[in-house]
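See structure below.
The values are calculated or read from the model by the stated rules, or taken from the named source; none is laboratory data. The model shown is predicted, which means the values in this text are computed figures rather than measured ones. Glycine also receives a Cβ, built like all others from the backbone with ideal geometry; neighbour counts cover every protein chain displayed. Just so you know, the surface numbers come from the protein's heavy atoms only, side chains and all, with ligands and any DNA or RNA stripped out. Shrake-Rupley method; radii C 1.70, N 1.55, O 1.52, S 1.80 Å.
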Amino acid sequence: MEADDQLWQPLKGSNEAPEEGASFTFMVPKKEISMVPDMGKWKRSQAYADYIGFILTLNEGVKGKKLTCEYKVSETVEKLVDLLGTLDRWINETPPVDQPSRFGNKAYRTWFAKLDQEAEALVSVVLPADKRAAAPEIAVYLKESVGNSTRIDYGTGHEAAFAAFLCCLCKVGALRVDDQLAIVFKVFNRYLEVMRKLQKTYRMEPAGSQGVWGLDDFQFLPFIWGSSQFIDHPTLEPRHFVDERVVNEHHQDYMFLECIKFINEMKTGPFAEHSNQLWNISAVPSWSKVNQGLIRMYKAECLEKFPVIQHFKFGSLLSIQPVKP
């Protein structure tokens with residue numbers, strides 16, 4: 001556990017700050033990356049270091065574990081699951097409208113307007129009483145995590161906003177080191193279910209999709225964490241995930257297979273044609289190689305791409321300030 005504690009350290013470091021009083025003020029996050037040359041600021045920022053540290057800590061935490069394994073579920077985790085349940089219920093209450101175009105159902109905007117209005121209140125409930133002042137800052141990431149209401153699209157930048165939302169909750173001490181498994185298996189997994197429902201119900205466009213050359217139209221992180229779950233698996237190898245029988249048999253245990261199952265439901269035709277990158281990954285000999293490759297790909301295709309990062313917002317918890325040497 002000590003190594004995990006260390007990895008969590010930068011996230012815990014900022015827990016101390018609010019106690020100093022005036023030196024620490026929450027702020028509503030804003031965009032800081034407006035041109036391609038600004039990308040250097042992002043890569044040197046405290047936000048980047050904290051974000052990637054958070055993703056990798058969770059990657060380590062879920063290694064070799066099934067979704068169905070036993071883990072601690074804290075009160076904060078329960079509250080987050082309730083919050084996601086509320087978003088899910090609002091989808092049921094906001095059916096798609098009849099419209100001429102097939103994609104981007106306008107009812108999504110009604111659903112989103114509700115979240116826009118309620119986000120701060122929803123986040124307040126999750127925060128410890130002495131950290132409620134952080135609600136306006138953290139709520140921004142929640143709103144950014146469900147897609148874009150103008151374009152009615154969703155992509156890896158929105159997914160990153162949800163990971164940033166969870167990272168902020170760790171930084172204010174609402175989520176702790178021993179919540180790691182629950183963060184991925186309970187909270188993030190529930191988030192994915194709600195996002196899939198949104199994508200299906202309102203026929204959302206994939207944001208910035210590279211089509212057949214991208215990993216997936218909508219998500220990336222569950223493939224990283226999902227491949228980590230498989231590391232050292234006694235029988236299942238990367239070549240097995242393209243086998244529908246394996247997917248149907250094991251998807252409840254593994255995030256990666258849950259993603260493949262969703263792709264199979266949404267797309268027709270040969271897997272190698274509609275999901276070429278994943279098909280190539282199935283030829284990689286080991287899950288640890290898949291995991292390392294996906295982390296590299298995530299940095300290159302998501303975190304280092306201007307079209308994705310230009311939308312990222314920076315506040316006091318995820319700061320654009322350069323990492324202190």
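The amide H of PHE314, built 1.01 Å from its N in the peptide plane, has LYS30, LYS31, GLU32 as neighbours under 5 Å, considering only residues 5 or more places off or on other chains. Charged neighbours of TYR298, selected by a Cβ distance under 13 Å, balance to -1 (K, R count +1; D, E count -1).
With every protein chain in place and a 1.4 angstrom probe, the accessible-area ranking of PHE103, PHE271, PHE188, largest first, reads PHE103, PHE271, PHE188. Each residue of segment 34-40 was assigned a 3J(HN,Hα) from its phi angle through the Karplus expression (A = 6.51, B = -1.76, C = 1.60, θ = phi - 60°), giving 10, 9, 3, x, 5, 4, x Hz with x at Gly and Pro. Over 26 Å apart at the Cα level, from the set LYS41/LYS66; LYS114/LYS186; LYS41/LYS171; LYS106/LYS171; LYS31/LYS143; LYS30/LYS267, are LYS41/LYS66; LYS106/LYS171; LYS30/LYS267. Long hydrophobic helices in the chain: the complete DSSP H runs spanning 15 Å or more by Cα along their own axis with mean Kyte-Doolittle hydropathy of at least -0.5 are 46-61, 75-93, 107-126, 156-171, 255-266, 287-298. Distance between the pseudo-spin-label points of LYS200 and ASP178 (7 Å out from Cα toward the beta carbon): 3.6 nm.
The packing ranking of peptides 28-36, 276-284, highest mean first, is 276-284, 28-36, where packing means the average number of other beta carbon atoms within 10 angstrom of each residue. Here the accessible area of the chain is 52 percent carbon and sulfur, with a 1.4 angstrom probe and all protein chains present. Here Rg/Rh (Cα atoms, Kirkwood Rh) was computed from the coordinates, and among [x] 0.95; [y] 1.01; [z] 1.06 the match is [x]. Among the GluC sites (Glu not before Pro) within segment 219-325, those in coil by DSSP and having at most 16 neighbouring Cβ atoms inside 10 Å are GLU304.
Subtracting the Cα-Cα distance of SER101 and ARG239 from their residue separation scaled by 0.36 nm leaves 45.8 nm.
Every helix of 4 or more DSSP H residues in the chain counts as -39500 (n - 2.57), and over all residues that averages to -16000 deg cm²/dmol at 222 nm.
Find out how many positive minus negative residues lie around ASN105, taking Lys and Arg as positive, Asp and Glu as negative, among other residues whose Cβ is under 14 Å from that of ASN105. With Lys, Arg at +1 and Asp, Glu at -1, the net is +4. When we measure straight from the Cα of LYS72, which aspartates and glutamates land under 12 angstrom away, once same-chain ones fewer than 8 places off are left out? Those aspartates and glutamates meeting the cut-off are ASP178, ASP179. Peptides 64-70, 162-168, 227-233 ranked from most to least packed give 162-168, 227-233, 64-70, packing being the mean of other C-beta atoms within 10 angstrom over each peptide's residues.
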